[in-house]
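The values are calculated or read from the model by the stated rules, or taken from the named source; none is laboratory data. These numbers were taken from a predicted model, which means no experiment stands behind them. For neighbour counting, all protein chains shown are included, and Cβ atoms are generated from backbone atoms with ideal geometry for every residue, glycine included.
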Amino acid sequence: MREQFLVFGSPQIQQAEIEEVVDSLKSGWLGTGPKVKQFEEDFAKYKSTPYSAALNSCTAGLHLSCVALGLQPGDEVITTPMTFCASVNAIIHSGATPVLADINPKTFNINPVEIEKKITPNTRAILPVHFAGRPCNMDAIMTIAQKYNLALIEDCAHAIETEYKGAKAGTFGDFGVFSFYVTKNVITGEGGMIISSDEERISRIKVLGLHGMSRHAWQRFSDSGYKHYFVHEAGYKYNMMDIQAAIGIHQLKRVEQNWLRRQEIWQRYNEAFADLAIDLPADIEPDTRHAYHLYSILVDEARTGISRDRFLEAMTAEKIGIGVHYLSIPEHPHYQKTFGWRPKDYPHAMKVGRETVSLPISAKLTDGDVEDVIAAVYKILKN
Ligand SMILES: *Cc1c(COP(=O)(O)O)cnc(C)c1O
């Protein structure tokens, strides 16, 4: 057995990030400044999109996207039950009502057929999540959005490197929203980014993200003299700091190199687990690019003789950190109480949520770490 616990999703931090953060600290400019601007430009370039706004989280970005669409109480936004709670909470905090549409059990992505069943006269938007970095069926989703005149917010928290038929994830809809949380593919500690092809929308997002003020604070105190600011609407405090962007700038430079490493680990797992009685991630659809953010297996007690939760405990005992992405949204008491949602009404998301286990797939893993994960899975499932 390993000596050291393998922390799930531990980020790969290198000297370049460390030096850039120290540079920010020494410059005295910690808040939103030139490094945020550079990170926004670098990210927009990577996504082949003209406009971007850096924020302090993806959750903030999802919330501002809903606010910027002008959603009102009574408006409905359709999203997936197989996501992190932030996708749903962002809709709630904008005043709109979330509506769930079940997933495709193979891809774990929202099923367009289920979306169409949930459309009412109050539906205003669709908020799909590219689960694990696998692109949603965007042809079908765009067709529905156009047919019913719906806005589209893509939750791209897993999907920085994702592509669908030659187009990059986050460029299909009104807004694409990304996360740089510590376990994600590019990290800033906490952080997020919104991209859009609409310049006015991104300027509105920037105003909303900093109290509704007309000028960025970092321009207020520049050497060109003090400038008054005016508050145009009651905004939020969602701006990214230069210290965060300092990390992101160098992380983004390694995004493709790290993607290749995760692809290697993904293929090694596929090979190693081929003869086990567990479901592995579905094959990657032609003409798409998977971001390899999560490697999820399904542990079905009827086939393996061990429950998912006992498998989690056994992996932890083998000193392998694992994750669960995710218990389906209707499993949580708040949503049951507020919306009357029940897990069995979304049977595919319920089943995945109760059987899924995410194995470590960070670019930081050594070949030895990967073999330790494989050995632990074998030991537990062959016993
Ligand atoms: C991580 C995550 C978020 C939230 O990202 P933060 O940057 O932590 O706010 C939202 N949606 C999904 C699907 C996520 O995985």
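Structure summary
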quantity: Residues of the range 346-374 satisfying the condition of being over 20 Å from Gly9 (Cα atoms) and out of contact with any helix residue (DSSP H, G or I) (no Cβ under 8 Å at 6 or more places or on another chain); calculated: Pro347, His348, Lys351, Val352
quantity: Among residues of the range 151-169, those that are touching a strand residue (DSSP E or B) at 6+ places or on another chain (Cβ under 6 Å), surrounded by fewer than 24 Cβ atoms within 10 Å (Cβ to Cβ) and not charged (D, E, K, R), counted; calculated: 3
quantity: Selection within the range 1-14 - in contact with a helix residue (DSSP H, G or I) (Cβ under 9 Å, 6 or more places away or on another chain) and either surrounded by 14 or more Cβ atoms within 10 Å (Cβ to Cβ) or of a type in the set (S, T, N, Q) (or both); calculated: Arg2, Leu6, Pro11, Gln12, Ile13, Gln14
quantity: Search result, residues across the range 350-362 that are under 14 Å from Ala132 (Cα atoms) and aliphatic (A, V, I, L, M); calculated: Val352, Val357, Leu359, Ile361
quantity: Among (1) in a strand (DSSP E or B); (2) more than 11 Å from the ligand (Cβ to nearest atom) - the single one Ala140 does not satisfy; calculated: (1)
quantity: Residue within the range 286-297 that is in a helix (DSSP H, G or I) and buried (at least 19 other Cβ atoms within 10 Å of the Cβ) present; calculated: no
quantity: Helices (runs of 4 or more DSSP H) wholly inside the range 20-127 containing at least 2 residues that are within 19 Å of Met193 (Cα to Cα) and within 16 Å of the ligand (Cβ to nearest atom); calculated: 34-46, 58-68, 85-93
quantity: Subset of the range 255-285 that is part of a helix (DSSP H, G or I) and free of Cβ contacts under 8 Å to residues at least 12 places away in the same chain - its residue that is farthest from Val22 (Cα to Cα); calculated: Glu271
quantity: Given (1) of a type in the set (A, V, I, L, M, F, W, C); (2) free of Cβ contacts under 8 Å to residues at least 24 places away in the same chain; (3) not in a helix (DSSP H, G or I), number of the condition Ala302 does not satisfy; calculated: (3)
quantity: Residue list for the range 208-254, filter: at pLDDT below 90 and in a helix (DSSP H, G or I); calculated: Ala217, Trp218, Gln219, Arg220
quantity: One residue from Tyr378, Tyr346 being touching a residue at least 40 places away in the same chain (Cβ under 8 Å) and either over 23 Å from the mean Cα position of the chain (by Cα) or outside the structural domain of Tyr295 (by TED's automatic domain parsing) (or both); calculated: Tyr378
quantity: Where a residue in the range 83-98 is in contact (Cβ under 8 Å) with a residue 12 or more places away in the chain and of a type in the set (A, V, I, L, M) and its partner, wherever it lies, is in a helix (DSSP H, G or I) and more than 9 Å from the ligand (Cβ to nearest atom), with Cβ under 6 Å and at least six apart; calculated: Val88/Ile329; Ala90/His63; Ala90/Cys66; Ile91/Cys66
quantity: Flag for Tyr238 being at negative phi, surrounded by fewer than 24 Cβ atoms within 10 Å (Cβ to Cβ) and touching a helix residue (DSSP H, G or I) at 6+ places or on another chain (Cβ under 6 Å); calculated: yes
quantity: Set Phe180, Phe172: member being within 12 Å of the ligand (Cβ to nearest atom), of a type in the set (Phe, Trp, Tyr), within 25 Å of Trp259 (Cα to Cα) and surrounded by 15 or more Cβ atoms within 10 Å (Cβ to Cβ); calculated: Phe180
quantity: Subset of the range 183-201 [closer than 12 Å to Ala54 by Cα, within 8 Å of the ligand (Cβ to nearest atom) and crowded, with 20+ Cβ neighbours inside 10 Å]; calculated: Gly191, Gly192
quantity: Residue list for the range 150-170, restricted to those being out of contact with any Leu (no Cβ under 7 Å at 6 or more places or on another chain) and farther than 17 Å from Ala68 by Cβ; calculated: Ala157, Ala159, Ile160, Glu161, Thr162, Glu163, Tyr164, Lys165, Gly166, Ala167, Lys168, Ala169
